[in-house]
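Here's the structure we're looking at; comments come further down.
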Amino acid sequence: MSAGRPARLRAWSGWAAVWLAVLSARSVWACAACYGQSDAPMAQGMNWGILSLLAVIVVVLGGVAGFFVHLARRSAVLSANDPPGALAESPERI
């Protein structure tokens, strides 16, 4: 049980050193869009990208909602055309 402990500690400290080296680089802290230059072309491109993804989500969810509205209306029309109990009285309609 204690034989695996130094190996785990070495592996953990190795990964910690790698992450410390990666995160200490100043160039990876933030891009121009996040670091305060909101009028930069990169920030404008990111904003357009976010808006286009939101538009796609709205269109897809609108299509799903429209499909369920269509099903509800069709069900209401079909049930209004049949007299009550018509399906139970004639099994050949099934």
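Only one residue in 30, 55, 43, 7 is assigned to a helix (DSSP H, G or I), of a type in the set (Gly, Ala, Ser), modelled with pLDDT under 85 and surrounded by 10 or more Cβ atoms within 10 Å (Cβ to Cβ). Which one? Before you say what the answer is, go through the steps one by one.
Values: 30 fails: assigned to a helix (DSSP H, G or I); 55 fails: modelled with pLDDT under 85; 7 fails: surrounded by 10 or more Cβ atoms within 10 Å (Cβ to Cβ).
Being assigned to a helix (DSSP H, G or I), of a type in the set (Gly, Ala, Ser), modelled with pLDDT under 85 and surrounded by 10 or more Cβ atoms within 10 Å (Cβ to Cβ) holds for just one of 30, 55, 43, 7, which is 43.
Residues that are closer than 30 Å to residue 50 by Cα and either under 25 Å from the mean Cα position of the chain (by Cα) or hydroxyl-bearing (Ser, Thr, Tyr) (or both) were ranked within region 12-27; the one that is modelled with the highest pLDDT is 24. The criterion of being surrounded by fewer than 10 Cβ atoms within 10 Å (Cβ to Cβ) and at pLDDT below 75 does not hold for residue 86.
The values are calculated or read from the model by the stated rules, or taken from the named source; none is laboratory data. The shown structure was predicted, so the numbers you read here are calculated from the model rather than taken from an experiment. All Cβ positions, even for glycine, are placed from backbone atoms using ideal geometry, and neighbour counts span all protein chains on display.
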